[in-house]
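Have a look at the structure below, then the notes.
The values are calculated or read from the model by the stated rules, or taken from the named source; none is laboratory data. The structure displayed is predicted, hence computed values, not measured ones. Cβ placement follows ideal geometry from the backbone for every residue including glycine, while neighbour counts extend to all protein chains displayed. Please note that ligands, DNA and RNA were not included when accessible areas were found on the heavy atoms of the full protein model with its side chains. Shrake-Rupley method; radii C 1.70, N 1.55, O 1.52, S 1.80 Å.
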Amino acid sequence: MKKILLSLAVCLAALPAAADEGMWLLPLLKQQKYEVMKAMGLELEAEAIYNPAGPSLKDAVVIFGGGCTGEIISPEGLVLTNHHCGYGYVQSHSTLEHDYLTDGFWAPSRDKELPNPGLKVTFINKIDDVTDYVNEALESDTDPGSAKFLSASFLNELARKRAGEEFLKQHPGTEVEIKPFYGGNRYYLFTKKVYPDVRLVGVPPSSIGKFGADTDNWIWPRHTGDFSIFRVYADKDGNPAPYSETNVPLKTEQFFKISLKGVNEYEYVMMMGFPGRTDKYYTSWEVAERRDIDNAVRINIRNLRQQAMLEEMLADPEVRIQYASKYAGSTNAYKNAIGSNWAINKRDFEGVKKAEQEKLKAWTYQVCEPDYRDALLTLEQIVTDRAGLRFRSWMLDEALVRGIEFSKAPVKTEALEAALKSKNKAAIQAQLDTLEAAYRCFADKDYSPRVDKKVAKVLLKEYIRLVPEENLPAALKAVSAEYKGDVDAYVDDLFETSVFGSPENFARFKAKPSAKALQQDKMIAFARSVAAEKEALKKALAGFDDGYAIAHRKYVQGLLMMNGEQNAFPDANLTLRLTYGQAKGY
């Protein structure tokens with residue numbers, strides 16, 4: 001929910017609302033909540049909010065980047081989004097000479113707006129219920145243990161088939177996607193238009209945009225100018241196009257006007273946006289799993305990592321800029337996990353879910369539907385059986401994969417070794433260039449070996465302390481034998497001897513490459529063992545996935561049957577939703 005901005009009244013961003021809980025699908029508003037919204041004070045017709053055949057408010061609410069919400073606020077493509085959503089792009093433009101993170105940035109003219117390679121803005125053209133279409137296609141799946149009904153590749157293949165290749169060819173920038181809802185009990189097709197030329201227009205200084213810093217994140221009310229402004233560009237015909245100096249601002253029929261009038265108590269307010277993920281249909285066992293494994297590991301490991309990063313950031317202005325986005329991204333999810341566990345305990349969500357499960361069990365006896373009870377038993381067994389693997393997976397991901405940057409060191413060196421053996425100078429040079437490009441993927445301008453070394457020492461000690469020795473990645477088992485348990489000595493040796501330990505090390509290797517150096521490189525061995533452990537855990541946990549998906553789908557189906565589908569909203573899955581309420585004091 002952090003990534004949803006108020007669309008109808010941006011000025012209300014810091015105000016809480018007394019809301020009828022929910023993330024409601026726009027095509028279902030008339031059947032589900034429109035009358036309630038009108039009773040609360042909504043004056044718009046339903047078609048003014050969502051109209052697949054004409055302009056409506058949904059045309060001014062966009063996906064910014066990979067997972068944020070943005071709003072169109074001018075007829076010439078201006079996009080308003082959260083400060084943290086634009087933060088990484090601002091950081092990419094920042095240097096010691098032009099520190100836009102600290103000082104802010106405002107383009108004095110359109111030709112000074114800054115391009116952002118890879119950044120996209122996505123509009124939703126229409127949303128169609130395709131449940132019958134998908135279920136008909138699934139009838140050919142004869143495997144009772146298959147979770148094909150949740151397969152993104154299968155569903156998106158169906159989406160392209162439904163839309164037709166000719167349609168997609170004739171509409172540049174158009175993409176289609178089918179997403180499952182209610183655990184795979186419903187399906188909707190989203191027709192989208194994606195614009196890849198998005199430029200930075202303005203952002204306040206971090207003292208405004210991040211006022212209170214990350215300690216205030218996930219806490220309301222917030223007293224922060226939490227915004228950044230970009231502009232969408234298109235070709236002269238208004239179609240999506242890659243960055244070009246000849247592109248023009250996108251002309252938009254729908255846009256939001258920002259009100260400076262303020263708000264009165266009990267006035268109707270609503271939000272539209274793209275919430276990333278919720279787990280409303282968790283069982284009690286999954287609530288406990290989230291609290292005691294997922295969140296607990298994240299809180300512990302990120303706290304240690306952030307302390308190490310922050311010490312270096314405060315000591316060196318260059319490091320502060322290099323790690324600003326990494327630190328912010330880490331603390332965002334860290335604080336969320338803390339708040340999540342606080343809420344689970346305060347509201348006794350585990351107990352709430354147990355009561356809901358008992359209610360479902362009693363209902364199944366009344367309607368003679370034992371399949372829903374069986375689904376609950378299956379879910380309990382799966383969550384119990386996967387606990388050990390899940391803990392190891394979360395530890396690996398948080399401590400080694402996300403936490404230690406050199407875990408991404410290049411591991412595919414076979415082609416270079418073969419070229420060295422052949423003594424073909426052209427082949428050797430080509431493979432060295434490939435290896436250097438892979439090295440720069442993690443050791444880029446925002447990488448500090450000093451910081452990575454410091455973080456690695458802290459996280460490896462905690463990882464080795466908490467993960468049983470027999471489950472350690474192969475490279476870490478050598479720490480006990482070869483280094484007598486001295487993690488600091490192990491990490492120092494990696495950075496001192498590895499090809500990827502420093503730019504100087506890589507330059508020396510490039511000047512005089514050898515297959516032996518690659519084969520004996522301990523940083524490469526570490527990265528390989530982390531990748532191998534990740535793949536092994538992924539495979540082991542995947543053994544539970546299909547059984548879980550089938551049981552979860554049946555469980556959710558039971559809840560919908562018992563409570564009525566019109567009274568339920570599906571979990572967030574980065575699709576366009578609406579929620580509403582009345583403004584009240586805190």
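Quick one: is residue 318 open to solvent by 50 Å² or more (accessible area, probe 1.4 Å), closer than 30 Å to residue 98 by Cβ and in a helix (DSSP H, G or I)? Yes, satisfied. Restricting attention to segment 471-515, the residues that are free of Cβ contacts under 8 Å to residues at least 40 places away in the same chain and in contact with a Pro (Cβ under 6 Å, 6 or more places away or on another chain) add up to 0.
The residue of segment 89-116 that is surrounded by the most Cβ atoms within 10 Å (Cβ to Cβ), among those that are among the hydroxyl-bearing types (Ser, Thr, Tyr) and in a loop (DSSP other than H, G, I, E, B), is 94.
For residues that are charged (D, E, K, R) and over 31 Å from the mean Cα position of the chain (by Cα), tally how many sit in segment 246-267. Count: 3.
State all residues of segment 321-357 that are acidic (Asp, Glu) and surrounded by 15 or more Cβ atoms within 10 Å (Cβ to Cβ); if no residue qualifies, say none.
Let us first name the residues in segment 321-357 that are acidic (Asp, Glu), namely 348, 350, 356.
Across segment 321-357, the qualifying residues are 350, 356.
Taking residue 301 as the residue in question, decide whether it is touching an Asp or Glu at 6+ places or on another chain (Cβ under 7 Å), open to solvent by less than 50 Å² (accessible area, probe 1.4 Å) and assigned to a helix (DSSP H, G or I). Yes, satisfied. Here residue 395 meets the list (1) within 21 Å of residue 553 (Cα to Cα); (2) among the hydrophobic types (A, V, I, L, M, F, W, C); (3) buried (at least 19 other Cβ atoms within 10 Å of the Cβ) almost entirely, failing just condition (1).
In the condition set (1) assigned to a helix (DSSP H, G or I); (2) under 30 Å from residue 364 (Cα atoms); (3) open to solvent by less than 50 Å² (accessible area, probe 1.4 Å), residue 494 is compliant with all but (2). Criterion applied to 527, 542, 531, 549 was being modelled with pLDDT of 95 or more, over 23 Å from the mean Cα position of the chain (by Cα) and among the hydrophobic types (A, V, I, L, M, F, W, C), and the one residue passing it is 527.
Of everything listed in (1) under 30 Å from residue 109 (Cβ atoms); (2) open to solvent by 40 Å² or more (accessible area, probe 1.4 Å); (3) of a type in the set (Val, Ile, Thr), the single unmet condition for residue 263 is (1).
When we screen 489, 426, 443 for residues that are of a type in the set (A, V, I, L, M), modelled with pLDDT of 95 or more and open to solvent by less than 50 Å² (accessible area, probe 1.4 Å), the only hit is 489.
For residue 104, are the conditions met, namely being in contact (Cβ under 8 Å) with a residue 60 or more places away in the chain and touching a Gly at 6+ places or on another chain (Cβ under 9 Å)?
On the way: in contact (Cβ under 8 Å) with a residue 60 or more places away in the chain: yes; touching a Gly at 6+ places or on another chain (Cβ under 9 Å): yes.
Yes, satisfied.
Rundown of residues vs (1) in a helix (DSSP H, G or I); (2) surrounded by fewer than 19 Cβ atoms within 10 Å (Cβ to Cβ); (3) out of contact with any Asp or Glu (no Cβ under 8 Å at 6 or more places or on another chain); (4) aromatic (Phe, Trp, Tyr), yes/no style:
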position: 406; (1), (2), (3), (4): yes, no, no, yes
position: 419; (1), (2), (3), (4): yes, no, yes, no
position: 435; (1), (2), (3), (4): yes, no, yes, no
position: 454; (1), (2), (3), (4): yes, yes, no, no
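Looking across segment 295-307, just one residue is out of contact with any helix residue (DSSP H, G or I) (no Cβ under 6 Å at 6 or more places or on another chain) and closer than 12 Å to residue 341 by Cα, and that is 296. Just one of (1) open to solvent by less than 60 Å² (accessible area, probe 1.4 Å); (2) in contact with a helix residue (DSSP H, G or I) (Cβ under 7 Å, 6 or more places away or on another chain); (3) assigned to a loop (DSSP other than H, G, I, E, B) fails for residue 74. It is (2). Close Cβ contacts (under 9 Å, 6 or more residues apart or on different chains) running from residues in segment 195-213 that are within 15 Å of residue 105 (Cβ to Cβ) and open to solvent by 20 Å² or more (accessible area, probe 1.4 Å) to residues that are assigned to a helix (DSSP H, G or I) and of a type in the set (Gly, Ala, Ser) comprise 206/213; 206/324; 210/328. Each residue in segment 547-586 was checked for being surrounded by 16 or more Cβ atoms within 10 Å (Cβ to Cβ), in a loop (DSSP other than H, G, I, E, B) and basic (Lys, Arg), and 0 of them qualify.
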